[in-house]
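Enquirer: To start, I am sharing the structure in question, which I have written as structure tokens.
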Amino acid sequence: MGTGETVLVTGATGRTGKAVVAALAARGARVRAMTRSLAGEDSLRAAGAHEIALADLGDRSSLDGAVSGVARLYHIGPRFNDREIALGANIIAAARAAGLSHFVLHSVFHSQCRAMIHHRQKLRLEEMLIESGLPYTILQPAMYMQNIALEWSKIETDGVYERPYRTDLAMAMVDLADLAEAAAIVLTTERYIGGSYELVGREQLSHDNMARVLTGLLGKPVRASRYAPAEWRRRNRDRFPQDYLRIYAAMCRHYDRFGLPGGNPAVASMILGRAPAGFEDFARRFAAERKTT
């Protein structure tokens, strides 16, 4: 990466975006964080962003300013959103017009599994990026270990790890910290341009297995419990827009049949220069952090 080059991170105010911004800053990169409003500016500055770009993926003209003077870009699309392909097409077009030297797409593990709506959206974006003529890298992270935060309160109080799908099937996972570090390495070197890389942690575990790990760490029984994907939608119908509910429910139905198996930690090891975290490594750190907050 050339001296003084700027990296743009879209979707910067989300947990993935902030983690990538921080990892890039830790490697000495100059980071421009893209956001639709200045409401999250302080948190982005705290994460390490040097510049804030006000732009909207839905407003093609605003993206020209966001990519101006940028050499590289990490694109994180909106989660479970019907417009993801159109929004991704906008940022790819802006990157082409600006002549960016590297476009890194935050895709998804097993994007080929098209029964999951957000996977086929990501697969289409992968195709569009490959055909754009831009120098590209595609990162395909598995389920975040950090997702346990959503159920942590119930795990601690009731000893129950609830999931809206079967708990006995293998799930590939990755520590968000490892994904962010891998993204920063990819964005600050030339080595990984032109490749697609699935990122998983050290092992696949079912949620039953994860509950056993948590039992050992917390010193009290923890069990995994399934409830139906339709029940998840009922519980959350007032919290999320309809496209989010529909796309998330499709993912849960797929997990209920197949889990999320596969992946090889050798890929992450190659990029990171070390073994990626396993679930127990992560859970021990996560539990310790919760005790200090």
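Enquirer: Just wondering, is there one or more residues in region 234-250 that are surrounded by 14 or more Cβ atoms within 10 Å (Cβ to Cβ) and either over 22 Å from His118 (Cα atoms) or in contact with a strand residue (DSSP E or B) (Cβ under 9 Å, 6 or more places away or on another chain) (or both)?
Expert: no
Enquirer: OK, next. For region 32-54, enumerate the residues that are surrounded by 15 or more Cβ atoms within 10 Å (Cβ to Cβ) and in contact with a Lys or Arg (Cβ under 8 Å, 6 or more places away or on another chain).
Expert: If the condition is that a residue be surrounded by 15 or more Cβ atoms within 10 Å (Cβ to Cβ) and in contact with a Lys or Arg (Cβ under 8 Å, 6 or more places away or on another chain), then Ser43, Leu44, Ala47, Ala49, His50, Glu51, Ile52, Ala53 are the ones that fit.
Enquirer: In the list His110, His102, which residue meets the criterion of being in contact with a Gly (Cβ under 9 Å, 6 or more places away or on another chain), touching a residue at least 60 places away in the same chain (Cβ under 8 Å) and crowded, with 19+ Cβ neighbours inside 10 Å?
Expert: After ruling out the rest, the residue left standing is His110.
Enquirer: Which of the residues belonging to region 58-71 are within 15 Å of Arg32 (Cα to Cα) and not small (Gly, Ala, Ser)?
Expert: If the condition is that a residue be within 15 Å of Arg32 (Cα to Cα) and not small (Gly, Ala, Ser), then Leu63, Asp64, Val67, Val70 are the ones that fit.
Enquirer: On the given criteria, is Met270 in contact with a helix residue (DSSP H, G or I) (Cβ under 7 Å, 6 or more places away or on another chain) and either in a helix (DSSP H, G or I) or within 26 Å of Ser153 (Cα to Cα) (or both)?
Expert: no
Residues are listed down the side, and each one gets a yes or a no for (1) of a type outside the set (S, T, N, Q); (2) modelled with pLDDT of 95 or more; (3) under 22 Å from Ile76 (Cβ atoms):
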| site | (1), (2), (3) |
| --- | --- |
| Arg163 | yes, yes, no |
| Ala182 | yes, yes, yes |
| Glu198 | yes, yes, yes |
| Ala224 | yes, yes, no |
| Pro229 | yes, no, no |
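Enquirer: Shifting gears a bit: Step by step: first the residues of region 126-138, then only those that are out of contact with any Leu (no Cβ under 6 Å at 6 or more places or on another chain) and under 30 Å from Gln242 (Cβ atoms), then the one that is surrounded by the most Cβ atoms within 10 Å (Cβ to Cβ). Which residue is that?
Expert: Top of the filtered list is Glu126.
Enquirer: Please enumerate the residues belonging to region 55-69 that are surrounded by fewer than 17 Cβ atoms within 10 Å (Cβ to Cβ), assigned to a helix (DSSP H, G or I) and of a type in the set (S, T, N, Q).
Expert: If the condition is that a residue be surrounded by fewer than 17 Cβ atoms within 10 Å (Cβ to Cβ), assigned to a helix (DSSP H, G or I) and of a type in the set (S, T, N, Q), then Ser61 is the only one that fits.
Enquirer: Quick check on my filter: what residues within region 213-231 are in contact with a strand residue (DSSP E or B) (Cβ under 9 Å, 6 or more places away or on another chain) and either farther than 17 Å from Leu169 by Cα or of a type in the set (A, V, I, L, M, F, W, C) (or both)?
Expert: Correct list: Val213, Leu214, Thr215, Val222, Ala224.
Enquirer: Step by step: first the residues of region 214-234, then only those that are of a type in the set (D, E, K, R), out of contact with any Phe, Trp or Tyr (no Cβ under 9 Å at 6 or more places or on another chain) and in contact (Cβ under 8 Å) with a residue 24 or more places away in the chain, then the one that is nearest to Phe286 (Cα to Cα). Which residue is that?
Expert: Residue satisfying both the conditions and the ranking: Lys220.
Enquirer: Return yes when Ala47 is over 22 Å from Ile138 (Cα atoms), modelled with pLDDT of 95 or more and touching a helix residue (DSSP H, G or I) at 6+ places or on another chain (Cβ under 6 Å) and no when it is not.
Expert: For Ala47, the condition - over 22 Å from Ile138 (Cα atoms), modelled with pLDDT of 95 or more and touching a helix residue (DSSP H, G or I) at 6+ places or on another chain (Cβ under 6 Å) - is met.
Enquirer: Right, something else. Confirm whether Ala12 is under 28 Å from Ala142 (Cβ atoms), touching a residue at least 24 places away in the same chain (Cβ under 8 Å), touching a Ser or Thr at 6+ places or on another chain (Cβ under 7 Å) and not basic (Lys, Arg).
Expert: It is true that Ala12 is under 28 Å from Ala142 (Cβ atoms), touching a residue at least 24 places away in the same chain (Cβ under 8 Å), touching a Ser or Thr at 6+ places or on another chain (Cβ under 7 Å) and not basic (Lys, Arg).
Enquirer: Quick one: in region 1-27, of everything that is of a type in the set (D, E, K, R) and part of a helix (DSSP H, G or I), which residue is farthest from Ala95 (Cα to Cα)?
Expert: Arg15
Enquirer: Scan region 124-183 for residues that are of a type in the set (Asp, Glu), part of a helix (DSSP H, G or I) and either over 30 Å from Met270 (Cβ atoms) or in contact (Cβ under 8 Å) with a residue 60 or more places away in the chain (or both) and jot them down.
Expert: Glu126, Glu151, Glu156, Asp158, Asp178, Glu181 - these are the residues of region 124-183 that are of a type in the set (Asp, Glu), part of a helix (DSSP H, G or I) and either over 30 Å from Met270 (Cβ atoms) or in contact (Cβ under 8 Å) with a residue 60 or more places away in the chain (or both).
Enquirer: Do any residues in region 45-65 that are farther than 19 Å from Glu84 by Cα and without any contact (Cβ under 8 Å) to a residue 12 or more places away in the chain have Cβ atoms under 9 Å from those of residues that are in a helix (DSSP H, G or I) and charged (D, E, K, R), where the two are at least six apart or on different chains, and which pairs are they?
Expert: Close Cβ pairs (under 9 Å, with a partner that is in a helix (DSSP H, G or I) and charged (D, E, K, R)) amount to Ala46/Lys18.
Enquirer: If I filter region 28-39 for residues that are assigned to a helix (DSSP H, G or I) and either more than 19 Å from the chain's Cα centre (by Cα) or farther than 28 Å from Met145 by Cβ (or both), do I get at least one hit?
Expert: yes
The values are calculated or read from the model by the stated rules, or taken from the named source; none is laboratory data. Because the structure is a prediction, the values reported are computed rather than measured. A quick note on method: Cβ atoms are made from the backbone with ideal geometry, for glycine too, and the neighbour counts reach across all protein chains shown.
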